[in-house]
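Asks: Structure provided below as structure tokens; questions to follow.
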Amino acid sequence: MSRTEPATGSQLRRAVLSSYLGSLIEFYDFLLYATAAALVFNKVFFTDMDPLVGTVASFGTLAAGYLARPLGGIIFGHFGDRLGRKRMLVITMATMGVASTLIGLLPTHDQVGALAPLLLVALRIVQGIALGGEWGGAVLLSAEHARTRRGLWASFTNAGAPSGMVLSTVVLALVAAGTTEAQFLAWGWRLPFLLSITLLALGLIVRSRVAETPVFEDAEKDAGVAERWPLREVLRNHPKNLLLAIGIGFGVFVAQSTLTAFAIAYAVEAGFPRGTVLNALALSSALAVIAIPAYSAWSDRIGRRPVVLTGALAMAAFAFALFPMIDTGSVLMLTLAVVLGQAVVHPMMYGPLAALYSEMFATRTRYTGASLGYQVSSTGAGASPLVFAALLAGGAGPLVLSIVIAACCLLTAVCIRAAAETHRTDLTR
């Protein structure tokens, strides 16, 4: 940081708080949809279908959001590398908040027919574009303010994901507990989505008080540093790192969506009460908020590669225990399965990614490169619940699902082994 003063402690704290709250709010909206897709949408927007087919269709709308995330990464990454991180983050937050609120106002299939699921898909795509632009900017806001312990500070953006899951799950559980089944399906499910407008106001207030990152301001002062087409620069000069970033994240996100979406629907179909499943999800998400920074701080000491590699191999093994534990019918085993998966094993893979992806690309293309690597790999998260539901509908057993999850995690292991260690990288390059 040659010309811009390094960030002070208070600036770093504001940046980390803004990144964390922004991520929490965005993932509250995005993951609220995932839970609703598993529990509600097949009964509200696909009422003319067989229940299992309706579940597949519901997960199809979930996938649309994940497929839109790379587009958001490209759009907001382009302007974030040229105009700054902070400006884009205000836009992404507003876009997500408005889209989520509108989902809460949608008419049902019984009211407007096929138009209802079409509107649902359209708003889900908007959600995906917003989240696709949010993550990269939020990570860089923290990472580029941090002088030391970058893994720890950047990881609070990732900790926002389970925090958002906790909030969305708790809100859904409270609404479900206070309504009958008929009331919940008629109007209760809408309340958590309508809450988004309040969270949006809070997030915009916090984000407006954060300064642009010193690293970007320094780069902006260097003549010719602002790349006209950051995406072209990434594809031309950093194709290996981009492909490795995609491969590293693929297993991470397949496992994430399995634990936070598909396994929830699987448990409900296995006969567990909806409230019991939501309680297990809320507990595991709350514990993950602690585990993510802890594993990321560990990666500051020993490196990103060994932490992510350990998590990937552990998740590949755990995939073969997940569904048998749920199939026992025991509430204790269900809770243990979700907690082990989401709060013990998965954070090892997920936590260090924030710093790792920031360190894999240079300043002038960092927003684009980090966002694209992360968001393209996240398409696996959108596709896996849909694929798994279709496999079960076609007669496949849980063992097949476990094999797929394990294979994806082994891809993560291979790619992180092939990547360079980055935890001592200078982000001013």
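The values are calculated or read from the model by the stated rules, or taken from the named source; none is laboratory data. Owing to the predicted nature of the structure, the values given are computational and were not obtained by experimental measurement. No Cβ is skipped: glycine too gets one built from the backbone with ideal geometry, and neighbour counts run over all protein chains shown.
Asks: Quick one: how many residues across the stretch 397-415 are exposed (fewer than 14 other Cβ atoms within 10 Å of the Cβ) and modelled with pLDDT under 95?
Replies: 1
Asks: On to the next question. Would you say VAL345 is more than 30 Å from ASP81 (Cβ to Cβ) and under 17 Å from the mean Cα position of the chain (by Cα)? Give the steps one after another, and end with the answer.
Replies: Working: more than 30 Å from ASP81 (Cβ to Cβ): yes; under 17 Å from the mean Cα position of the chain (by Cα): yes.
Considered against the rule, which asks whether it is more than 30 Å from ASP81 (Cβ to Cβ) and under 17 Å from the mean Cα position of the chain (by Cα), VAL345 comes out as yes.
Asks: While we're on this one: Looking at (1) surrounded by fewer than 24 Cβ atoms within 10 Å (Cβ to Cβ); (2) in contact (Cβ under 8 Å) with a residue 12 or more places away in the chain; (3) out of contact with any Phe, Trp or Tyr (no Cβ under 7 Å at 6 or more places or on another chain), which one does ARG366 not meet, given that it meets all the others?
Replies: So ARG366 meets the others, but not (1).
Asks: Within the stretch 42-94, can you find the residues that are aliphatic (A, V, I, L, M) and over 25 Å from THR363 (Cα atoms)? It would help to see each step written out before you state the result.
Replies: Restricting attention to the stretch 42-94, the residues satisfying the condition of being aliphatic (A, V, I, L, M) are 44, 49, 52-53, 56-57, 62-64, 67-68, 71, 74-75, 83, 88-91, 93-94.
Across the stretch 42-94, the qualifying residues are VAL44, MET49, LEU52, VAL53, VAL56, ALA57, LEU62, ALA63, ALA64, LEU67, ALA94.
Asks: Being touching a residue at least 12 places away in the same chain (Cβ under 8 Å), in a helix (DSSP H, G or I) and either touching a strand residue (DSSP E or B) at 6+ places or on another chain (Cβ under 8 Å) or surrounded by fewer than 17 Cβ atoms within 10 Å (Cβ to Cβ) (or both) is the filter here; which residues of the stretch 103-118 pass it?
Replies: ASP110
Asks: Still on this structure, please answer the following. Residue by residue through the stretch 168-198, note down the ones that are touching a Pro at 6+ places or on another chain (Cβ under 9 Å) and either closer than 19 Å to ALA94 by Cβ or surrounded by 20 or more Cβ atoms within 10 Å (Cβ to Cβ) (or both).
Replies: SER168, LEU172
Asks: Here is a list: GLY303, GLY311, GLY275. Which entry is in contact with a His (Cβ under 6 Å, 6 or more places away or on another chain) and either modelled with pLDDT of 95 or more or surrounded by fewer than 23 Cβ atoms within 10 Å (Cβ to Cβ) (or both)? Give the derivation first.
Replies: Details: GLY311 fails: in contact with a His (Cβ under 6 Å, 6 or more places away or on another chain); GLY275 fails: in contact with a His (Cβ under 6 Å, 6 or more places away or on another chain).
Checking each option against the conditions leaves just GLY303.
Asks: Which numbered condition in (1) surrounded by fewer than 24 Cβ atoms within 10 Å (Cβ to Cβ); (2) in contact with a helix residue (DSSP H, G or I) (Cβ under 7 Å, 6 or more places away or on another chain); (3) closer than 30 Å to PRO324 by Cα is the only one that ALA418 fails?
Replies: (3)
Asks: Which of the residues that make up the stretch 38-70 are among the basic types (Lys, Arg) and more than 13 Å from PRO117 (Cβ to Cβ)? Even if it seems obvious, please write down each step before you answer.
Replies: Going through the stretch 38-70, the residues among the basic types (Lys, Arg) turn out to be 43, 69.
The answer is ARG69, and nothing else.
Asks: Given the options VAL277, VAL307, name the one that is farther than 19 Å from ALA245 by Cα, among the β-branched types (Val, Ile, Thr) and in a helix (DSSP H, G or I).
Replies: Details: VAL307 fails: farther than 19 Å from ALA245 by Cα.
It is VAL277.
Asks: Based on this model, can you work out whether ALA337 counts as under 20 Å from PRO398 (Cα atoms) and modelled with pLDDT of 95 or more?
Replies: Working: under 20 Å from PRO398 (Cα atoms): yes; modelled with pLDDT of 95 or more: yes.
Yes: the conditions hold for ALA337.
Asks: Could you tell me whether the stretch 390-398 includes any residue that is touching a helix residue (DSSP H, G or I) at 6+ places or on another chain (Cβ under 9 Å), without any contact (Cβ under 8 Å) to a residue 12 or more places away in the chain and outside any helix (DSSP H, G or I)?
Replies: yes
Asks: So which of ASP29, ASP81, ASP50 ends up being under 23 Å from PHE388 (Cβ atoms) and charged (D, E, K, R)? Full working, then the answer.
Replies: Numbers: ASP29 fails: under 23 Å from PHE388 (Cβ atoms); ASP81 fails: under 23 Å from PHE388 (Cβ atoms).
Within the list ASP29, ASP81, ASP50, the selection yields ASP50.
Asks: Another one. Testing ALA146 on (1) of a type outside the set (Ser, Thr, Tyr); (2) closer than 19 Å to ILE292 by Cα; (3) over 14 Å from the mean Cα position of the chain (by Cα); (4) assigned to a helix (DSSP H, G or I), one condition comes back false. Which one is that?
Replies: (4)
Asks: Look at the stretch 369-389 and say how many of its residues are surrounded by fewer than 24 Cβ atoms within 10 Å (Cβ to Cβ) and not in a helix (DSSP H, G or I).
Replies: The number of residues fulfilling the criteria is 0.
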